[in-house]
Amino acid sequence: TQSTWAHGMAVMLHAPAVFYFQAATHPERHRTCLVTLLRGRGASDDEILSAAALDNPQAIGVSLAVELVSLMRATKVCPSGLAALGITEADVPALVARALPQKRVLDNAPFKVTADDLTNMYNASMRLW
């Protein structure tokens, strides 16, 4: 049996992993996104200043992923990850094989996306909380 889910839910379930993996390519853009999300939820000035001062791409990616998961939890519109939809790690190779030919999407990434990258992103999206 094959299930389908809304496109927006699929995008949101992968967003924390995608932003984390892309942060190294454009840390300033990801930092701006992080600060914007923090302002949007009414974070303290200290929290915003701390995020604005981040200069390590990995720290920016982690912080942005955490903020996205926090938004997902607060809005209660997404499940807690792919596993909550019945997707298992055993499904990842088939998902990767189906995603690789999607050049329209992958070619828009700021880096060359490999099968290993997709595997890592799917695995990171299994359980977000």
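In table form, for the structure just shown:
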item: Within a Gaussian network of the chain (alpha carbon springs, distance under 10 Å), most fluctuating of P16, P101, P27; result: P101
item: Total charge dipole magnitude, the range 1-78, about the Cα centre, Cβ charges on Lys, Arg, Asp, Glu only, Debye to nearest 20; result: 320
item: Residue-averaged 222 nm ellipticity for the chain, from DSSP H runs of 4+ at -39500 (n - 2.57), nearest 500; result: -18500 deg cm²/dmol
item: Tail weight of P(r) past 17 Å, computed on alpha-carbon pairs of the range 50-114, percent; result: 65
item: Of all accessible heavy-atom area on the chain, the percent that carbon and sulfur account for (1.4 Å); result: 55
item: The range 86-117 and the range 1-68: distance between their alpha carbon centers, rounded to Å; result: 20
item: Per residue accessible area of the range 3-127, 1.4 Å probe, in Å²; result: 59
item: Solvent-free Debye scattering, log10 I(q)/I(0), computed from the Cα coordinates of the chain at q = 0.18, 0.21 Å⁻¹; result: -1.03, -1.29
item: Contact order relative to length of the chain, as percent, for alpha carbon pairs under 8 angstrom and 6 or more apart; result: 33
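The values are calculated or read from the model by the stated rules, or taken from the named source; none is laboratory data. None of these values were measured; they are calculated from a predicted model. Ideal geometry is used to build each Cβ from the backbone, glycine not excepted, and the neighbour counts take in all protein chains shown. Side chains are part of the model used for accessible areas, which takes the heavy atoms of the whole protein and leaves out ligands, DNA and RNA. Shrake-Rupley method; radii C 1.70, N 1.55, O 1.52, S 1.80 Å.
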